[in-house]
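First up is the structure itself, then whatever we jot down about it.
Nothing in this text is a laboratory measurement; each read-out follows from the coordinates by a stated rule. Because the structure is predicted, anything quoted here is derived from the model rather than measured. Backbone-built Cβ (ideal geometry, glycine too); neighbour counts: all protein chains shown.
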Amino acid sequence: FGNKLHFYLNGSSVEIDNPDPDITLLNYVQSIGLTGTKLGCAEGACGACTIMISSYDKKSDKISHISTNACLTPLCSIDGKHVVTIEGIGNVKNPHPIQERLALLHGSQCGFCTPGVVMSLYSLLRNNPNPSEEEAEGCFDGNLCRCTGYRPILDAAKTFAN
Ligand code: FES
Ligand code: FES
């Protein structure tokens with residue numbers, strides 16, 4: 001037996017024997033080469049490490065999607081859940097529409113905040129494909145950007161809103 005952690009990462013099943021209780025989800029994904037998720041503040045304040053965690057709720061028989069700061073998420077807390085990182089939704093050759101519109105509308109400059117920005121909007125759209133402009137704006141409450149002044153990010157996000 002021993003301690004076994006089982007979860008899904010970008011659609012693939014992952015099992016880890018005796019996981020280190022001190023390691024964060026951010027440390028883990030970076031350690032296996034998924035370096036699109038960024039380390040900014042390491043204390044839940046900047047959103048550069050935003051990923052999506054999906055889980056099934058038996059009571060409501062629904063899957064909920066939550067954007068979360070991977071820097072504060074213990075790896076061991078994701079047992080039975082599905083983690084999606086930026087690598088799971090798109091890349092330069094095959095960008096997700098969120099990435100495409102952010103680029104076209106100049107919502108990414110240095111790019112450090114961009115994976116987190118994308119994952120925040122992606123999580124919103126997974127729960128609510130037709131958000132209002134306010135909801136689209138609200139999903140970025142935890143994402144800091146030092147470059148764009150936010151306006152181009154919001155412009156791109158609002159193209160997905162009603
Ligand atoms: Fe800043 Fe996680 S690195 S919120
Ligand atoms: Fe540089 Fe946002 S584009 S921090």
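Looking at the stretch 17-41 only, could you name the residues that are more than 16 Å from Val83 (Cβ to Cβ) and away from ligand 2 (no atom under 16 Å from the Cβ)? Asp17, Asn18, Asp20, Pro21, Asp22 - these are the residues of the stretch 17-41 that are more than 16 Å from Val83 (Cβ to Cβ) and away from ligand 2 (no atom under 16 Å from the Cβ). Scanning the stretch 137-152 for residues that are buried (at least 20 other Cβ atoms within 10 Å of the Cβ) and under 21 Å from Gly88 (Cβ atoms) yields Cys139, Phe140, Asn143. Scanning the stretch 90-124 for residues that are buried (at least 21 other Cβ atoms within 10 Å of the Cβ) and away from ligand 2 (no atom under 16 Å from the Cβ) turns up Tyr122, Ser123, Leu124.
In the stretch 30-52, the qualifying residues are those that are touching a residue at least 24 places away in the same chain (Cβ under 8 Å) and away from ligand 1 (no atom under 12 Å from the Cβ), and the one that is surrounded by the fewest Cβ atoms within 10 Å (Cβ to Cβ) is Leu34. Residues in the stretch 29-80 that are small (Gly, Ala, Ser) and in a loop (DSSP other than H, G, I, E, B): 10 in all. If only residues of the stretch 98-117 that are in a helix (DSSP H, G or I) and without any contact (Cβ under 8 Å) to a residue 40 or more places away in the chain are counted, the one that is nearest to Cys41 (Cα to Cα) is Thr114.
Would you tally the residues in the stretch 1-14 being surrounded by fewer than 16 Cβ atoms within 10 Å (Cβ to Cβ), over 23 Å from Leu124 (Cβ atoms) and in contact (Cβ under 8 Å) with a residue 24 or more places away in the chain? Number satisfying all stated conditions: 1. Please verify whether Asp17 is of a type in the set (D, E, K, R), surrounded by fewer than 20 Cβ atoms within 10 Å (Cβ to Cβ), over 30 Å from Lys158 (Cα atoms) and in contact (Cβ under 8 Å) with a residue 24 or more places away in the chain, treating the condition exactly as stated. Answer is no for this residue. Scanning the stretch 118-153 for residues that are in contact (Cβ under 8 Å) with a residue 40 or more places away in the chain, assigned to a helix (DSSP H, G or I) and over 23 Å from Ile63 (Cβ atoms) yields a total of 2.
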